[in-house]
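Taking it in order: structure first as structure tokens, then the write-up.
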Amino acid sequence: MDGSEIASYVAIAVSTATAIYGVVNHKRVRSNCFGRKLEVSLDIESTTPPKTQPALTNIVVDKE
């Protein structure tokens, strides 16, 4: 097994995982069998925290 064969297997695995992610992400499955209702949803979100924004300051001046 040479390096190009290993790389091709890795590429196939990554493309398969990406296809599954694209099909399953943000989907809801509903079923009604013999009067029993079942609902399953799957949402995959990124775990990277959002970029921080500079703090906004509110200055309130009392006018009397």
Efficiency of FRET between Ser41 and Ile12 - r from beta-carbon atoms, R0 25 angstrom, step 0.05
0.30
Taking the Cα atoms of region 3-42, report the difference between the largest and smallest coordinate on each principal axis, in whole Å and largest first.
54, 19, 8
Table column - 3J(HN,Hα) (Hz), region 34-39, Karplus curve with 6.51, -1.76, 1.60, x for Gly and Pro:
6, x, 9, 9, 9, 9
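Throughout, read-outs are computed from the coordinates displayed, never taken from laboratory work. Quick caveat, the model's predicted, so the values are computed rather than measured. Neighbour counts run over all protein chains shown; Cβ positions are idealised from the backbone, glycine included.
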